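A.B. asks: Sharing a structure below in structure tokens format, with a few things to ask.
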Amino acid sequence: MLRLEVRNMETPIERKPEWIRTRARMGPEYRQLQDLVRGEGLHTVCQEAGCPNIFECWEDREATFLIGGAQCTRRCDFCQIDTGRPADYDADEPRRVAESVARMGLRYATVTGVARDDLPDEGAWLYAETIREIHRQAPGTGVEILVPDFTGRPEHLAQVFDAGPEVFAHNVETVPRIFRRIRPAFRYERSLDVLTQGRAAGMITKSNLILGMGEERHEVSTALRDLHDAGTDIITVTQYLRPSPRHLPVARWVPPQEFAEIAAEAEEIGFLGVLAGPLVRSSYRAGRLWARSMQRRGREIPPHLRPLAEAAAPAQAVG
């Protein structure tokens with residue numbers, strides 16, 4: 001166990017405030033997907049991570065998938081994915097993920113994954129091939145790809161851009177002052193540059209900030225401006241929920257009113273799409289957020305994806 005993890009364990013798991021609550025609303029689309037996933041042995045991050053938003057996202061026919069294995073070559077102090085030597089490279093994974101997307105009849109799929117610094121291309125082909133396979137097997141499905149930074153290398157990022165995802169996402173997660181402590185293998189400026197490269201390639205770009213890890217309120221404003229200046233179109237802002245005693249203790253619980261203020265500030269800065277709230281997550285209602293952002297940019301939404309723009313308002317967003 002790392003010395004950092006030992007220190008983290010000195011602080012007991014925090015009691016959540018009353019506003020960190022969600023209610024299960026099981027509509028017909030959710031029930032149909034649940035039966036399909038159980039009956040055919042399909043796997044999504046949504047159910048395996050116990051996401052509280054699964055009922056809402058599945059009702060929109062949206063789901064999230066993890067690729068690249070169960071172990072990451074990097075360690076972030078807030079992340080529940082294990083760090084270690086990843087499993088052997090699985091070149092068939094993109095086909096299997098796309099098959100699950102097609103069988104579930106999804107309108108929108110978010111694909112994320114672990115960092116693979118052990119591979120020559122850091123896993124770029126795997127991300128790109130998953131996009132291509134989903135578009136091939138499920139041509140009516142939008143794809144959002146959430147990537148690590150590929151150490152900022154343009155040749156790796158270009159593989160992902162060329163595959164043509166609907167959204168290119170890279171999460172900065174926190175503010176510059178505490179960035180290196182919480183994400184030691186990443187660099188704040190490099191993450192901003194990854195988003196800039198995405199915008200330059202014509203992508204709709206997206207990022208996320210997690211609150212409650214030790215940041216100050218004014219630093220959130222600075223990070224929002226940095227992200228917008230870097231070319232980020234869509235921003236989500238979330239509350240840190242500690243995965244286990246080994247992880248970074250929660251520094252504070254951000255009240256809903258503060259999330260509402262941050263959402264209003266982000267809108268004023270000029271982001272095309274904003275979702276903020278204690279139980280918002282970066283992939284939460286991602287299809288609807290993309291569709292609304294397309295409308296605000298004046299881009300045409302393909303006919304098969306237009307229902308995403310008409311979906312019900314997100315229950316977890318404030319402001």
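Values quoted throughout were computed directly from the atomic coordinates according to the rules given, and no laboratory measurement underlies them. Model, not experiment: these values are computed from the prediction. With ideal geometry, Cβ positions are generated from the backbone for all residues, glycine too; neighbour counts draw on all protein chains shown.
A.B. asks: Nothing charged except the Cβ atoms of Lys and Arg (+1) and of Asp and Glu (-1): what's the magnitude of the dipole of the chain about its Cα centre? Round to the nearest 20 debye. Walk me through the intermediate numbers first.
C.D. replies: On the way: 42 positive and 46 negative charges, 113 e Å.
Taking the Cα centre of the chain as origin, the dipole is about 540 debye.
A.B. asks: Shifting gears a bit: What translational D, rounded to a whole number of µm²/s, comes out for the stretch 1-141 from Stokes-Einstein when the hydrodynamic radius is the Kirkwood one over Cα pairs, at 37 °C and 0.692 mPa s?
C.D. replies: D = 193 µm²/s.
A.B. asks: Contour minus end-to-end for Ile269 and Glu189, with contour as 0.36 nm per residue of separation and end-to-end as the Cα-Cα distance?
C.D. replies: Here the segment from Ile269 to Glu189 would lengthen by 26.8 nm.
A.B. asks: What's the FRET efficiency of Glu29 with Arg95 using the Cβ-Cβ distance as r and R₀ = 30 Å, to the nearest 0.05?
C.D. replies: Numbers: r = 25 Å, r/R0 = 0.85.
Efficiency, from the Cβ-Cβ distance: 0.75.
A.B. asks: Where a ≥ b ≥ c are the square roots of the eigenvalues of the C-alpha gyration tensor, would you call the stretch 123-244 rounded, which needs a/c under 1.5, or, failing that, prolate if a/b is larger than b/c, or oblate? Before the final figure, lay out each step's value.
C.D. replies: Values: a/c = 1.93, a/b = 1.78, b/c = 1.08.
Prolate is the answer for the stretch 123-244, as a/c is 1.5 or above and a/b outweighs b/c.
A.B. asks: Which Cys residues of the chain have no other Cys Cβ less than 4.7 Å away and so no disulfide-compatible partner by this rule?
C.D. replies: So, Cys46, Cys51, Cys57, Cys72.
A.B. asks: Now for a separate question. Zone of Arg177 (label point 7 Å along Cα→Cβ, backbone N under 16 Å): which residues in the stretch 233-252?
C.D. replies: Counting backbone N atoms under 16 Å from the label point, the list is 251-252.
A.B. asks: Oh, and also: By how many nm would the segment from Leu119 to Arg246 grow when fully extended, if each residue of separation counts as 0.36 nm and the alpha-carbon distance is taken off?
C.D. replies: Length gained, Leu119 through Arg246: 42.9 nm.
A.B. asks: Further, regarding this structure: Pairs of alpha-carbon atoms within less than 8 angstrom and 6+ residues apart define the contacts here; what relative contact order does the chain have, in percent? Before the final figure, lay out the partial values.
C.D. replies: Working: 604 pairs, mean separation 53.2, N = 319.
Answer for the chain is 17 percent.
A.B. asks: Also, quick follow-up: Which residue, Thr196, Thr44, Val254, has the largest displacement toward the positive end of the dipole of the chain when charges sit on each Cβ (Lys, Arg +1; Asp, Glu -1)?
C.D. replies: Val254
A.B. asks: Neighbouring Cβ atoms within 10 Å as the yardstick, rank His156, His170 fewest first.
C.D. replies: Placing the least packed residue first, the sequence is His156, His170.
A.B. asks: Now for a different question. Using +1 on the beta carbon of Lys and Arg, -1 on that of Asp and Glu, and nothing else charged, what's the dipole of the stretch 138-268 about the Cα centre, debye to 20?
C.D. replies: Charge dipole of the stretch 138-268: 700 debye, to the nearest 20.
A.B. asks: Near Gly214, within a Cβ-to-Cβ distance under 9 Å, what is the net charge of the other residues, with Lys and Arg +1 and Asp and Glu -1?
C.D. replies: Its environment carries a net charge of +1.
A.B. asks: When all alpha-carbon pairs of the stretch 17-89 are counted, what percent fall beyond 21 Å?
C.D. replies: 42 percent
A.B. asks: Quick check: residue separation of Arg38 and Thr83 times 0.36 nm, minus the Cα distance between them. What number comes out in nm?
C.D. replies: Numbers: separation 45, 0.36 × 45 = 16.20 nm, distance 2.86 nm.
Computed gain between Arg38 and Thr83 is 13.3 nm.
A.B. asks: Can you pull the one-decimal nm distance between simple spin-label points at Ala49 and Ile13, each 7 Å off the Cα toward Cβ?
C.D. replies: 1.7 nm
A.B. asks: Highest mean first, what order results for 281-288, 98-105, 74-81 on Cβ atoms within 10 Å?
C.D. replies: Numbers: 281-288: 26.1, 98-105: 19.6, 74-81: 17.8.
Peptide ranking by packing, descending: 281-288, 98-105, 74-81.
A.B. asks: For the stretch 18-95 and the stretch 190-238, what is the separation of their Cα centres, given in Å?
C.D. replies: Cα centroid of the stretch 18-95 versus Cα centroid of the stretch 190-238: 24 Å apart.
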